[in-house]
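Only one structure is covered here, and it is reproduced in the block below.
The values are calculated or read from the model by the stated rules, or taken from the named source; none is laboratory data. Small disclaimer: the values here were computed from a predicted structure and weren't measured. Positions of Cβ are generated from backbone atoms using ideal geometry, with glycine treated the same way; all protein chains shown enter the neighbour counts. Each accessible area value is taken on the protein alone, full model and side chains, heavy atoms only, with ligands, DNA and RNA left out. Shrake-Rupley method; radii C 1.70, N 1.55, O 1.52, S 1.80 Å.
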There are 4 protein chains.
Amino acid sequence: MLIVMRHGASDEEVRRVCDVIVEMGYQARPMPGRQRTTVGLVGNDGRVDGSRIEALAGVQEVIHVSKPYKQVSREWKAESTIVSLPGGLTIGGEDVVVMAGPCSVESEQQILAAAEAVREAGATVLRAGAFKPRSSPYSFQGLGVEGLPLLRLAKAETGLLIVTEAMDPEGADQVAEVADIIQIGARNMQNFPLLERAGRSKLPVLLKRGMAATLEEWLLAAEYIMAEGNYNVVLCERGVRTFAQHTRNTLDLAAVPAIRSISHLPVIVDPSHGSGNTYMVTPLARAGVAVGADGLMVEVHDHPELALSDGAQALTPSQYAQLVNEVRAIRNLTSPAAGGTPQN
Amino acid sequence: MLIVMRHGASDEEVRRVCDVIVEMGYQARPMPGRQRTTVGLVGNDGRVDGSRIEALAGVQEVIHVSKPYKQVSREWKAESTIVSLPGGLTIGGEDVVVMAGPCSVESEQQILAAAEAVREAGATVLRAGAFKPRSSPYSFQGLGVEGLPLLRLAKAETGLLIVTEAMDPEGADQVAEVADIIQIGARNMQNFPLLERAGRSKLPVLLKRGMAATLEEWLLAAEYIMAEGNYNVVLCERGVRTFAQHTRNTLDLAAVPAIRSISHLPVIVDPSHGSGNTYMVTPLARAGVAVGADGLMVEVHDHPELALSDGAQALTPSQYAQLVNEVRAIRNLTSPAAGGTPQN
Amino acid sequence: MLIVMRHGASDEEVRRVCDVIVEMGYQARPMPGRQRTTVGLVGNDGRVDGSRIEALAGVQEVIHVSKPYKQVSREWKAESTIVSLPGGLTIGGEDVVVMAGPCSVESEQQILAAAEAVREAGATVLRAGAFKPRSSPYSFQGLGVEGLPLLRLAKAETGLLIVTEAMDPEGADQVAEVADIIQIGARNMQNFPLLERAGRSKLPVLLKRGMAATLEEWLLAAEYIMAEGNYNVVLCERGVRTFAQHTRNTLDLAAVPAIRSISHLPVIVDPSHGSGNTYMVTPLARAGVAVGADGLMVEVHDHPELALSDGAQALTPSQYAQLVNEVRAIRNLTSPAAGGTPQN
Amino acid sequence: MLIVMRHGASDEEVRRVCDVIVEMGYQARPMPGRQRTTVGLVGNDGRVDGSRIEALAGVQEVIHVSKPYKQVSREWKAESTIVSLPGGLTIGGEDVVVMAGPCSVESEQQILAAAEAVREAGATVLRAGAFKPRSSPYSFQGLGVEGLPLLRLAKAETGLLIVTEAMDPEGADQVAEVADIIQIGARNMQNFPLLERAGRSKLPVLLKRGMAATLEEWLLAAEYIMAEGNYNVVLCERGVRTFAQHTRNTLDLAAVPAIRSISHLPVIVDPSHGSGNTYMVTPLARAGVAVGADGLMVEVHDHPELALSDGAQALTPSQYAQLVNEVRAIRNLTSPAAGGTPQN
């Protein structure tokens, strides 16, 4: 941590800062400069809470050098995490994982048809929401717990793995009985009681990035899960909120190499929520794999124009089959095994 | 709702849109134009879900005219809501409500001293968190349920009302046994199970704006509470996330007149989280009242440099007393009763 | 244009809106609804300025259906524009165009070495700034006019085409004597006198997206150039400003399919300014081509650690050669000719 | 400057960083830590360009402690600048300066009527554009040079001072012959040739904040003007671009105390562009003065519904007269002379 003193801060003020650092159990290294004095805080093992120092007289700014997260970082664990799923599937390994399905479970017939269609198109994991967080209390909220047996049925019929969202701690337990991966949605990225409950589950957790989350906040949310002993966390970039109006969210693909550089966790991309427009989903899916993502989560609906939610961003099964072919070809080209640029 | 067809959309495509509108139970009004056809959907009472139509061939864009919220709007209820609190205090009436206190309950001694100090400085409601949502699992998380009896004690000793945050449905019930107002924090603005539980409480709910929430999303969150039968909702602007780096958040004071124009709910301002810097709190508090807010929520700590969280944005009690005097004088000048510009 | 009246607007107010529409030379189509009346403005050929109507009593909102741009749109010209350059090179055709070079022209030796290096690595256009817009007046500002002869020399020696930036109308004329493409930088996207002067040039213009520009504003800036009779405009996505801190700018790759859908102009991507970090440039370049861009502009420097500006985002020539190979392979896979998903 | 090395950077890499620092003429202070080594660069007098060091192997991050601006800062000049205008008017002194007028000069009759109206309502400076930067080439672009004599006339008739915008270096010279203050618009905040020309003028310069400008970029733009010897710079906050849709821009009032803390330059607020909605202008004007601004720039039009541009955000003269009364009363309450909270 570096404490930047104001121009003209008194010796007394600098001394007080040094004393507080020592009281806190660290060492202080004052560095007088031409314009101002800075004080280095050393001897810390991880980030120090700077708010007490920020409140002292003469302090202009506190600059953190240590990161506040630990277990998520590559400095903690250098090798990339590979999350293992039933049936030998992995996330973070050689293959790009393709998760697909409708926005929500609507009925037995709909989910079975959708599951069959995405399986044929090449998907290995079925995504579909039983619990749906919706901005309006008057929108379709999903079938709730009644949707879970339908997901179990779809799994039994198709052999697809299941990823589905939990919205509160109680729901996390319910979801864990059916799903192979518990999804935490963007709106709940900082729902800490939910993160802790998911952390106490034995299942892998798919953690979507919050709509206005910095990478640091996103990684700290993953840290909440890991701090409970669950190391199987998959990050999912799904776009952030900006001034741009041509998409529902701005897909921040640079987050993929950035995460890969600072964390060992696998990261996938959701081009459907990341754009909100059908015609952009395939180009952005290709870009997601080209930038180095470990997988894709895509909305596919048998009859998008009949979907109860998010129809405008769903692909048809045949569009999806084409997408899968294209991204697998790109993956083959760009993987390190194929001579692609190493990611780190 | 207005459906904008693509330039060159076929008659067949326009007809299909009209048919779907009729199937959905509304009437279609096609308007051929020089550049393109637009189709008006009429006969709706509230917002129609447009995703099914957006997915049809030839449709370029769906424009909503109706707002998705109802009970929060001035069209639903023209008179401004005045929230009544025990002891005759109101939010949304003539007086500007001043809520103040430390970020978190730290100990009996600390909370009693702080409560006494803010009461003397003019506050009528004590704010302090027992449950603290923190970005990092390694930061001080508040005392949790053990903090609640300390708040009860502070209330008994000082006569101040209590506002404190709940982070999950279970916590909402616990908070409701002690507090006079349940606070929903910015990170939980779209934690729908929590909103519903708060909606089933009899207590007023203070709903902070999410970090990247549009006014529509914020009002819909309030609608979740009202849809459960709880009409005592107070909105709190606390800054949004932007590219700006000179503040922790960008305080969006234009949201106050904007909310006042479209909603009957009272709205207050939090200049402490809205800036993150002590020296900005008083100027922004003045601005908040000058722009028409019904109240202020301000962090005050007896010894900011000893605070376990957010010390860098807390005022001392004497700074706060000066603030209260200044904002009361501004309120007297600008209230409609004093000949100020009417808000609507 | 659709005029949304306030709930409870009087008949008199609706009539006044209709009268003004007729005075302006259009027809008014009032549509009474359950919640409010809306009025369609028809008979317009392009966007109507709505500010006069917005100022009328009882008007809540004016919604534009027509776009304000014309010549840039696919509705004006359905076939994609292919910009022809000397020597048979094209932008917007089959091949992905690779522009590369150092941030700025620093010396004869430096620019000749850099030009030679990028040519060998596969580039066909040399980028390098003589005029450099720098945030600080104390930073290296480029060689100015003295840099132009060095670019001419580099062109003569290597056969590369030249793209370089102009910062004011006079500079546009100077640049036009040496360059094959005039570049308008992000900070000058709405420097209208500069756009007009570039529009009167015979050279193709590369128009970078402004740091906070919507697609509409970007296309209107291109419209300024086309309105002067210059139809050879190439758009360049280079990232926008958001709250994200892991990159210098947030590269908005969804802008590529979005532009392609509404405009016939070619669009390229600048992953160097779009990220600001060397290690992200190649992944984002791959993503840019995968999403459908017509070309790439990349910073390459013989000795990045000696660059007078932007060294931290420059690739070495050998990194760049690898990048060119990878993006050409992706282009081959994803082009419509290769059976890739059609863009529109 | 602080150089943060990667975790695991080799001694050789640290040594290379130190060597480069010495080659650049400064001293290096390596500080080995538990997690990583950091290297302090000392002996610099102002900000050092870090890009050369950022490009070195083993470097994770370069953190600047020195600010890149000089003459604009309070460290350079501690007393607040008071800009003197003809007739004894000042900006930055006791009184709040009220600038008002229509968006653009439309005709002799219009500008004379508007000038008379705002003078009677209490304004002391007339704002009106002869040169109008408009997003679309098809919008009314102002009268151009022909508008300047009309401004001269309005000045002669009313005694008001004139502030009007220049869009390019040549225009700055033309404007300087008529105006008392040269305005640089938000779109041109980083039009460096224009800033330099305005810097060589003897007139005060009103510098609007760019739509996505950080305070550092804004102050550096002011530094361009001061570096040419013109010390009479007035900053104007006019809102920034964010995701918010209820206003044209998000007015960042915290920028006022932030600027006041780091710079000696006066700062005013434009609530008209800052909101884009008539009904918000007065509340935001009050807030602007309450937060400590030295003045206001407000759009006023005799007949807003007839304005050729920006009618939807213009006040009528009587609304403006009320605004002036209210903000003067707030200023009297909150000025340090009246016992208001000191700003620094």
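Here are some notes:
- Filtered residues of segment D:239-250 (kept if open to solvent by less than 10 Å² (accessible area, probe 1.4 Å) and touching a Leu at 6+ places or on another chain (Cβ under 6 Å)): D:G239
- Residues in segment C:285-321 that are under 24 Å from the mean Cα position of the chain (by Cα) and at pLDDT below 85: C:S309, C:D310, C:G311, C:A312, C:Q313.
- Each residue in segment A:272-307 was checked for being farther than 20 Å from B:L56 by Cα and touching a residue at least 24 places away in the same chain (Cβ under 8 Å), and 15 pass.
- Out of D:V256, D:V267, one residue alone is more than 9 Å from every other protein chain (Cβ to nearest Cβ) and either touching a Pro at 6+ places or on another chain (Cβ under 9 Å) or surrounded by 24 or more Cβ atoms within 10 Å (Cβ to Cβ) (or both). It is D:V267.
- Pair list, Cβ under 9 Å, 6 or more apart: segment B:171-189 residue in the same structural domain as B:K155 (by TED's automatic domain parsing), other residue of a type in the set (F, W, Y) and open to solvent by less than 10 Å² (accessible area, probe 1.4 Å): B:R187/A:F192; B:M189/B:W218
- Checking every residue in segment B:322-338 against the condition of being within 14 Å of chain A (Cβ to nearest Cβ), crowded, with 20+ Cβ neighbours inside 10 Å and modelled with pLDDT of 95 or more gives zero matches.
- Some residue of segment D:222-238 being more than 17 Å from D:Q190 (Cβ to Cβ), touching a strand residue (DSSP E or B) at 6+ places or on another chain (Cβ under 9 Å) and among the small types (G, A, S): no
- Single condition C:E106 does not satisfy, out of (1) surrounded by fewer than 24 Cβ atoms within 10 Å (Cβ to Cβ); (2) touching a residue at least 24 places away in the same chain (Cβ under 8 Å); (3) not in a loop (DSSP other than H, G, I, E, B): (3)
- Residue satisfying condition, being assigned to a loop (DSSP other than H, G, I, E, B) and touching a Cys at 6+ places or on another chain (Cβ under 7 Å), within set C:S272, C:S309: C:S309
- Residue within segment B:282-295 that is within 14 Å of chain A (Cβ to nearest Cβ) and either open to solvent by less than 30 Å² (accessible area, probe 1.4 Å) or of a type in the set (A, V, I, L, M, F, W, C) (or both) present: no
- Close pairs from segment D:256-268: first closer than 18 Å to B:A285 by Cα, partner aromatic (F, W, Y), Cβ under 7 Å, at least 6 apart: D:P257/B:Y279; D:S261/B:Y279
- Residues located in segment D:35-48, provided they are of a type in the set (D, E) and surrounded by 19 or more Cβ atoms within 10 Å (Cβ to Cβ): none
- Residue in segment C:170-185 that is modelled with pLDDT of 95 or more, polar (S, T, N, Q) and over 15 Å from the mean Cα position of the chain (by Cα) present: yes
- Conditions (1) among the basic types (K, R); (2) closer than 25 Å to D:W218 by Cα; (3) touching an Asp or Glu at 6+ places or on another chain (Cβ under 9 Å); number of the one not met by D:R34: (2)
- Boolean, B:S275 is at the interface with another protein chain (Cβ under 9 Å from one of its Cβ atoms), surrounded by fewer than 22 Cβ atoms within 10 Å (Cβ to Cβ), of a type in the set (G, A, S) and under 23 Å from the mean Cα position of the chain (by Cα): no
- Of the residues making up segment A:9-25, just one is open to solvent by 60 Å² or more (accessible area, probe 1.4 Å) and either in the same structural domain as A:L220 (by TED's automatic domain parsing) or in contact (Cβ under 8 Å) with a residue 24 or more places away in the chain (or both), namely A:R16.
- Test for C:Y231: is it at the interface with chain D (Cβ under 9 Å from one of its Cβ atoms), within 19 Å of the chain's Cα centre (by Cα) and under 22 Å from C:V83 (Cα atoms): no
- Of the residues contained in segment D:51-64, one or more are found to be in contact (Cβ under 8 Å) with a residue 60 or more places away in the chain and open to solvent by 40 Å² or more (accessible area, probe 1.4 Å).
- The listed residue being of a type outside the set (K, R) and in contact with a Ser or Thr (Cβ under 7 Å, 6 or more places away or on another chain), out of D:A115, D:A78: D:A115
- Some residue of segment C:193-202 being under 9 Å from the mean Cα position of the chain (by Cα) and closer than 25 Å to C:T90 by Cβ: no
Here's the yes/no breakdown for (1) at pLDDT 95 or above; (2) open to solvent by less than 20 Å² (accessible area, probe 1.4 Å):
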{"position": "C:A115", "(1), (2)": "yes, yes"}
{"position": "C:L126", "(1), (2)": "yes, yes"}
{"position": "C:A130", "(1), (2)": "yes, yes"}
{"position": "C:F140", "(1), (2)": "no, no"}
{"position": "C:E146", "(1), (2)": "yes, no"}
{"position": "C:R152", "(1), (2)": "yes, no"}
